[in-house]
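Data block below; observations after.
The values are calculated or read from the model by the stated rules, or taken from the named source; none is laboratory data. As the structure is a computational prediction, the values presented were derived from the model and not from experiment. Neighbour counts run over all protein chains shown; Cβ positions are idealised from the backbone, glycine included.
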Amino acid sequence: MTELQNPWIHLRFLTEQHRETLRLLAKDARIWEYTKTLLLTETYDQQFDTYFRQALAFAEAGAQAYTIVDTGTQQIIGMTRLYDLDHNVKKATIGHTWYTPAVWGKVHNKACKLLLLQYCFETLGLERVDFKVAGHNIRSQKAVMKIGATPEGVLRRYTLRNDGTPTDTHFFSILASEWPERKIGLQQLVNSLA
């Protein structure tokens, strides 16, 4: 496990000291519009604390939960996780990613995915990295395809959102054999946004 950094972002391991900054950032309803992971009700603080404890528990169980920091401003701008890491099958999932809307459409998400994918394929030697995106979250589906992931299919009514409604989950992946070509495209995309 290691922290990751490039000229645009620094992925720092999630710790208790990040809780209050992330709580404030996550209070923007636009972040949760499609996933309903957090509902901005009178119980928001309780929901956030549960969400944050789960993210810390991921890390304790061998997954990697990160805060995403803008290297230029040194401000936390979101969170992401590397989970379902299976060294026998050589696969992992990147997800639970969100950003403050102030950085949407900028270099940060692409730079983050570049770092994580390089780590997965070039350091961990994985054969597959996948992404699971809520069915209603068209913006995130497009973002995942833009970084070079291949759509694999939709699992209908795969999970429930926090408001109790069922949602489909779209699966995407990048394979190790595809990574050299995808990496070039992703680096070009990052450079075009920088």
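Examine region 100-108 for a residue that is assigned to a loop (DSSP other than H, G, I, E, B), without any contact (Cβ under 8 Å) to a residue 40 or more places away in the chain and under 18 Å from residue 12 (Cβ atoms), and state whether such a residue exists.
For region 100-108, residues assigned to a loop (DSSP other than H, G, I, E, B), without any contact (Cβ under 8 Å) to a residue 40 or more places away in the chain and under 18 Å from residue 12 (Cβ atoms): absent.
Could you look through region 1-15, keep only residues that are modelled with pLDDT of 95 or more and not hydrophobic (A, V, I, L, M, F, W, C), and pick out the one that is nearest to residue 54 (Cα to Cα)?
Per the criteria, the residue is 12.
When residues of region 163-188 are filtered for being surrounded by fewer than 16 Cβ atoms within 10 Å (Cβ to Cβ), farther than 22 Å from residue 92 by Cβ and of a type in the set (Val, Ile, Thr), how many remain?
The number of residues fulfilling the criteria is 1.
Find the residue count for region 1-25, including only residues that are surrounded by 12 or more Cβ atoms within 10 Å (Cβ to Cβ), assigned to a helix (DSSP H, G or I) and in contact with a helix residue (DSSP H, G or I) (Cβ under 9 Å, 6 or more places away or on another chain).
Adding up the residues that qualify gives 5.
Residue 85 fails exactly one of the following numbered conditions: (1) in a helix (DSSP H, G or I); (2) over 22 Å from residue 104 (Cα atoms); (3) of a type in the set (A, V, I, L, M). What is the number of that condition?
Answer for residue 85: the failing condition is (1).
Considering only residues of region 119-162 that are within 27 Å of residue 177 (Cα to Cα) and basic (Lys, Arg), which is surrounded by the fewest Cβ atoms within 10 Å (Cβ to Cβ)?
Top of the filtered list is 142.
Taking region 69-79 on its own, how many of its residues are in contact with a helix residue (DSSP H, G or I) (Cβ under 6 Å, 6 or more places away or on another chain) and either in a helix (DSSP H, G or I) or closer than 20 Å to residue 143 by Cα (or both)?
Result for region 69-79: 1.
Condition check: in a helix (DSSP H, G or I) and exposed (fewer than 14 other Cβ atoms within 10 Å of the Cβ). Does residue 191 satisfy that?
Considered against the rule, which asks whether it is in a helix (DSSP H, G or I) and exposed (fewer than 14 other Cβ atoms within 10 Å of the Cβ), residue 191 comes out as yes.
Among the listed residues 59, 65, 55, identify the single one that is buried (at least 17 other Cβ atoms within 10 Å of the Cβ), touching a Phe, Trp or Tyr at 6+ places or on another chain (Cβ under 8 Å) and in a helix (DSSP H, G or I).
Exactly one residue qualifies, and that residue is 59.
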